[in-house]
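Student: Here you go, one structure.
The values are calculated or read from the model by the stated rules, or taken from the named source; none is laboratory data. Given the structure is predicted, the values throughout are model-derived calculations rather than measurements. Glycine gets a Cβ as well: all are built from the backbone with ideal geometry, and neighbour counts include every protein chain shown. Please note that ligands, DNA and RNA were not included when accessible areas were found on the heavy atoms of the full protein model with its side chains. Shrake-Rupley method; radii C 1.70, N 1.55, O 1.52, S 1.80 Å.
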Amino acid sequence: MTGVRRSPATADLLQRLEATRDETLGFFALGDHELARTYAPGKWPVRFILLHLADAETVLFDRVRRVLSEPRQVLWVFDQDAWAEGLDYSRVPLDLSRRVYESVRNAIMYYAGLYYEDNGHLEFVHSVTGVRTLKDEFDKVAAHNEHHLDQIRAALARSS
């Protein structure tokens, strides 16, 4: 989609999505020692954060597609701890999650480029937070990833 003129808000979102994607993908290549680090006692290790990011990306992408296709529906909360336990994050192949994360992020960026401005007003009802818009959900993808990148950086900065 090169050559497409975008609003400053869309261009900014796409830049954030691309930057967080690229930084996150780099962390999938960490060694076992770094992947086992946590940003605070009792918190998820870097490995689990990366697996969570891949899973969350799929949930958020599903919401984006549902809102575009069937606005105003109720979409249920995503229980990250239930997913980590139910999917047994200790056994999930990191490379599989890396590929899921990358492909789904690229798809989110594609849809954001097309729909962030023109369809950003479309609404859905989140089962916990109430009425939200498509624009809110696209923004959440970037903010969510930025939040977890902060945790990963903090974990890697901690002495082991």
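Student: Return the residues of the range 87-123 that are assigned to a loop (DSSP other than H, G, I, E, B) and not polar (S, T, N, Q); say none if nothing qualifies. Spell out how you get there, then give the answer.
Tutor: Residues of the range 87-123 assigned to a loop (DSSP other than H, G, I, E, B): 87-93, 116-122.
Within the range 87-123, L87, D88, Y89, R91, V92, P93, Y116, E117, D118, G120, H121, L122 meet the criteria.
Student: Quickly run through the range 114-136 and pick out the residues that are in contact with a helix residue (DSSP H, G or I) (Cβ under 9 Å, 6 or more places away or on another chain), within 15 Å of D12 (Cα to Cα) and either among the charged types (D, E, K, R) or open to solvent by less than 20 Å² (accessible area, probe 1.4 Å) (or both).
Tutor: Y116, E117, G120, K135
Student: Let me ask you something else. Return the residues of the range 30-51 that are assigned to a loop (DSSP other than H, G, I, E, B), surrounded by 10 or more Cβ atoms within 10 Å (Cβ to Cβ) and of a type outside the set (G, A, S); say none if nothing qualifies. Before you say what the answer is, go through the steps one by one.
Tutor: Going through the range 30-51, the residues assigned to a loop (DSSP other than H, G, I, E, B) turn out to be 30-31, 36-37, 39-44.
Pick out the ones that are also surrounded by 10 or more Cβ atoms within 10 Å (Cβ to Cβ) and you get 30, 36-37, 39-40, 43-44.
Selection gives L30, R37, Y39, K43, W44.
Student: Check the range 66-80 and report whether any residue there is part of a loop (DSSP other than H, G, I, E, B), open to solvent by less than 50 Å² (accessible area, probe 1.4 Å) and farther than 22 Å from V125 by Cβ. Outline the logic, then answer.
Tutor: The initial filter retains those residues of the range 66-80 that are part of a loop (DSSP other than H, G, I, E, B), namely 70-73, 76-79.
Going one step further and asking which of them are open to solvent by less than 50 Å² (accessible area, probe 1.4 Å), we end up with 73, 78.
This time we only want the ones that are farther than 22 Å from V125 by Cβ, so: none.
Within the range 66-80, not a single residue is part of a loop (DSSP other than H, G, I, E, B), open to solvent by less than 50 Å² (accessible area, probe 1.4 Å) and farther than 22 Å from V125 by Cβ.
Student: With the requirement that a residue be farther than 18 Å from Q80 by Cβ and open to solvent by 20 Å² or more (accessible area, probe 1.4 Å), what does the range 137-153 give you?
Tutor: First, pick out the residues of the range 137-153 that are farther than 18 Å from Q80 by Cβ: 138-139, 153.
Scanning the range 137-153 gives D139, R153.
Student: Which is open to solvent by less than 20 Å² (accessible area, probe 1.4 Å) and of a type in the set (D, E), of E102, E85, E57? Walk me through how you get there before you give the answer.
Tutor: Details: E102 fails: open to solvent by less than 20 Å² (accessible area, probe 1.4 Å); E85 fails: open to solvent by less than 20 Å² (accessible area, probe 1.4 Å).
Checking each option against the conditions leaves just E57.
Student: Let me ask something else about it. Looking at S103, S90, S127, can you tell me which residue is among the hydroxyl-bearing types (S, T, Y) and in contact with a strand residue (DSSP E or B) (Cβ under 8 Å, 6 or more places away or on another chain)? Outline the logic, then answer.
Tutor: Working: S103 fails: in contact with a strand residue (DSSP E or B) (Cβ under 8 Å, 6 or more places away or on another chain); S90 fails: in contact with a strand residue (DSSP E or B) (Cβ under 8 Å, 6 or more places away or on another chain).
That would be S127, the only listed residue that is among the hydroxyl-bearing types (S, T, Y) and in contact with a strand residue (DSSP E or B) (Cβ under 8 Å, 6 or more places away or on another chain).
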